[in-house]
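The structure appears right after this line, and notes come after that.
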Amino acid sequence: MKKRSNYFLIFLIGVILYLPSLFFNFSFFDDNVLILDNLYFLKNLGNFFKAFQIEVFHINNFSAAYYRPILTLSFMFDAQISGQYPFFYHLSNVLYHIAASLLFYLFLKKIKIEEKASFLLALIFLVHPVLTQAVSWIPGRNDSLLMIFTLATFIFLIEYLEKRKIANLIFYFLFFFLALFTKENAILIPFFSILLIFLFYQEKKNYLAEIFFGWWGIGFFWFIARQNALKNFFYLSPSEMFSALIFNFPALFLYLGKIFFPFNLSVLPTLKDSTLFWGFLALLVFILILWRSKKINFELFVFGFFWFLFFLFPNFIRPNPKITADFLEHRIYLPLVGFFIVLSSVERLKNFLADKKNNFFVYFLIILFAVITFFHQFNFKDRLTFWQKAVSSSPSSPLAHRNFGAMLYFDGKIKEAEKEYKKSLEINPGEPMVNNNLGVIYLKQKNFKQAISYFEKELKINPNYDNALFNLGLAYYQIGEKEKALSFWKKTIEVNPYYLDAYKNLTNHYLLEKDINQANFYFNLYLKNGGEMKE
């Protein structure tokens, strides 16, 4: 009965803690692109299989870097109910986080960690402030979904190793498939499956032969599907990946500090605007704990240590090295599992958690973390709050200034927006989208010559940016250079076949020119790609 009540407590605390987030708006940090800009795609369930054929941001060129169809499908299911309203997207995020915490509790027990320690670690995971972004920021679900599928994979692997029922092996492969199509980090699951078998089930290592063919089949299918969707399987060369890993290695201490001392949280952390002091202090505390512990479970320590590092390091490889790297807190979601496994390997810590005399301290820590999380989630409540927090906590981030400027522009504060855009360019003259945004301001002010200048600057930096191509077409159309305008609108739909405004403008132009064939051609494309017939 107590075990059931533990599951219920995790569920109840998760709902109460994150209840305010259900009423948050969109942050306009990727969620506007992934959901609002692609609503025509998401609302059509006929696009279910098409989600496996496209990049997650619908980028249709060689700069495409993210293949995450399960994330797209999760938005698709929410869109059927919620449409452009954020409530159900946020509700799903809260439920995914609770499900991940419940599976974490079950997984810890499966790897033979004591009931009480497993429950307390799952509670700490549930309320940990560093994971707030994964719950309160809608795209953060990518990591909670990855964790759900990854932990389910290992739970069924353990079941298979202990009972050798074919159904468990089938579910193992099913969840491996789902994890792999959720986020690229899941490619590490076979490695950790081997590690788990050699550390905990050495007598079952002959099972690897039958598991291998499943890995190969799913991995090959994923490779082909990803290659087809992205056009360019490896966006960076191996040497560029290694350089990025080394250059961003200090972020390890940034994340360590936020695990132990989650008081310096940010919605858009960068190394330049963060202190590594708490990370070095956390490392020192951890070394002291290990040094003073008389007994460590070697197998758990090794498994957790490699889990933490190997699932964390891919986040240091940024797809565009020209952009200031951010180290978003939701990326510690799955690696944190490994860190907690390491903690559970230390006999002294396990005994501390099990000793009723220490209940006050443990529950005080859980309550403290929950309070920090409760208040931190409000930094994600709407677009202006989010980007104000980004600018205040990461003033050296050109992205923060760029997007804060965009939020000010949406609110009609044109002068303030222009100031933020120019601040972004001061920090990084090559910051994508900023020149386009400045061009939009000058286009609105009918300063077409200056607008064209900024759109052209944008396209030198970002030649396949659909908005800049479309806007340059608008500017040329306004000064009477219609052929140039048409060429840029046609280029827009080459880059992004779902850019509906380009089809509308082409249709309207050819109607005015009385070229009915061309007008019909572009209007049919408009309908084919998700446009709606207006009365």
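Here, each number is a calculation from the coordinates, and none is a lab measurement. For clarity, every value in this text was computed on a predicted model and none was experimentally measured. Neighbour counts are summed over all protein chains in view; Cβ atoms, including those assigned to glycine, are modelled from backbone coordinates with ideal geometry.
For the chain, what is the mean residue ellipticity at 222 nm derived from helices alone (per DSSP H run of n ≥ 4: -39500 (n - 2.57); sum divided by total residues; nearest 500 deg cm²/dmol)? All intermediate terms of the calculation are to be shown ahead of the outcome.
On the way: 26 runs with 356 residues, N = 535.
Rounded to the nearest 500, the figure is -21500 deg cm²/dmol.
Arranged by the count of other C-beta atoms within 10 angstrom, fewest first, what order do 114, 420 take?
Details: 114 15, 420 23.
Going from sparsest to densest Cβ surroundings: 114, 420.
Among the chymotrypsin sites (Phe, Trp or Tyr not before Pro) within the stretch 322-418, which fall in a DSSP loop and have no more than 14 other Cβ atoms within 10 Å of their own Cβ? Please report the intermediate quantities before stating the final value.
On the way: sites: 327, 333, 339, 340, 352, 360, 361, 363, 364, 369, 374, 375, 378, 380, 386, 387, 404, 409, 410; in loops: 327.
Nothing satisfies the criteria.
With N set to the residue count of the stretch 76-131, report its C-alpha Rg divided by 2.2 N^0.38 Å to two decimal places.
On the way: Rg = 14.8 Å, N = 56, 2.2 N^0.38 = 10.2 Å.
Rg over 2.2 N^0.38 Å, computed on Cα atoms: 1.45.
Rule-of-thumb check for the stretch 103-211: C-alpha Rg over 2.2 N^0.38 Å? Don't skip to the answer; put the middle values down first.
On the way: Rg = 14.8 Å, N = 109, 2.2 N^0.38 = 13.1 Å.
After normalising by residue count via 2.2 N^0.38 Å, the value is 1.13.
Can you run the Rg to Rh ratio on the stretch 344-433? Use alpha carbon positions and the Kirkwood inverse-distance Rh.
On the way: Rg = 21.2 Å, Rh = 16.1 Å.
Here Rg/Rh amounts to 1.32.
To the nearest 0.05, what FRET efficiency results for residue 170 and residue 87 with a Förster distance of 45 Å applied to their C-beta separation? Spell out each step's value before the answer.
Numbers: r = 35 Å, r/R0 = 0.79.
The value I calculate is 0.80.
Taking Cα centroids, how far is the stretch 344-404 from the stretch 87-124 in Å?
That distance is 17 Å.
If you average 1/r over every pair of different alpha-carbon atoms in the stretch 313-379 and take one over that average, what Kirkwood value in Å do you get?
Working: mean 1/r = 0.0662 Å⁻¹.
One over the average 1/r among Cα pairs gives 15.1 Å for the stretch 313-379.
For the stretch 428-485, state what percent of all Cα-Cα pairs lands in each successive 5 Å bin, counting from 0 Å until the bin that includes the largest distance.
4, 25, 33, 23, 11, 3, 1
Describe numerically, in nm with one decimal, the distance between label points set 7 Å from Cα along Cα→Cβ at residue 378 and at residue 292.
Once both label points are built, they end up 3.6 nm from each other.
Summing +1 for each Lys or Arg and -1 for each Asp or Glu, what net charge is found among the other residues whose Cβ lies under 15 Å from the Cβ of residue 290?
Numbers: positive: 292, 294, 295, 348, 350; negative: 347.
Here the charged neighbours net out to +4.
Just to check, using Stokes-Einstein with a Kirkwood Rh over alpha carbon pairs, what's the diffusion coefficient of the stretch 430-535 at 10 °C and 1.306 mPa s in µm²/s? Present the calculation step by step, with values, prior to reporting the outcome.
Working: Rh = 14.0 Å.
Stokes-Einstein gives a translational diffusion coefficient of 114 µm²/s.
Against the longest alpha carbon principal axis of the chain, how many degrees, from 0 to 90 and to the nearest 10, is the axis of helix 238-247 turned?
70 degrees
Using a cut-off of 11 Å between beta-carbons, work out the net charge of the residues near residue 23 (Lys and Arg +1, Asp and Glu -1, residue 23 not included).
Details: positive: 381; negative: 382.
Around residue 23, the charge tally is 0.
If R₀ is 41 angstrom, what is the calculated FRET efficiency for the pair residue 504 and residue 225, using the beta carbon separation as r and rounding to 0.05?
Values: r = 32 Å, r/R0 = 0.78.
E(calc), rounded to 0.05, equals 0.80.
Would you kindly give the portion of the calculated P(r) for the stretch 2-145 that falls above 26 Å, as a percent of all Cα pairs? Intermediate values should be presented prior to the final figure.
Working: 3381 of 10296 pairs.
Here the tail beyond 26 Å accounts for 33 percent of pairs.
Run the Debye formula on the Cα coordinates of the stretch 214-287, all scatterers equal and no solvent, and tell me log10 I(q)/I(0) at q = 0.12, 0.21, 0.27 1/Å.
-0.58, -0.86, -1.15
Stretch residue 77-residue 106 to full length: gain in nm at 0.36 nm per residue minus the Cα-Cα span? Please list the in-between numbers first.
Values: separation 29, 0.36 × 29 = 10.44 nm, distance 2.68 nm.
Here the answer is 7.8 nm.
What Kirkwood hydrodynamic radius, in Å, does the chain give when the mean of 1/r is taken over all pairs of distinct Cα atoms and then inverted? Please list the in-between numbers first.
On the way: mean 1/r = 0.0399 Å⁻¹.
About 25.1 Å, per the Kirkwood formula over Cα pairs.
Out of every Cα pair in the stretch 254-321, what percent are spaced more than 16 Å from each other?
62 percent
Report the FRET efficiency, 1/(1 + (r/R0)^6), for residue 527 and residue 415, where r is their Cβ-Cβ distance and R0 is 41 Å, rounded to 0.05.
Details: r = 40 Å, r/R0 = 0.98.
The computed FRET efficiency comes out at 0.55.
When N is the residue count of the stretch 278-400, what does its C-alpha Rg come to as a fraction of 2.2 N^0.38 Å? Intermediate results must be reported in sequence, preceding the final value.
Details: Rg = 18.2 Å, N = 123, 2.2 N^0.38 = 13.7 Å.
Cα-based Rg divided by the globular estimate yields 1.33.
Using the Cα atoms of the stretch 113-168 to build a convex hull, what is its mean projected area in square nanometres?
One quarter of the hull surface, i.e. the mean projection, equals 4.9 nm².
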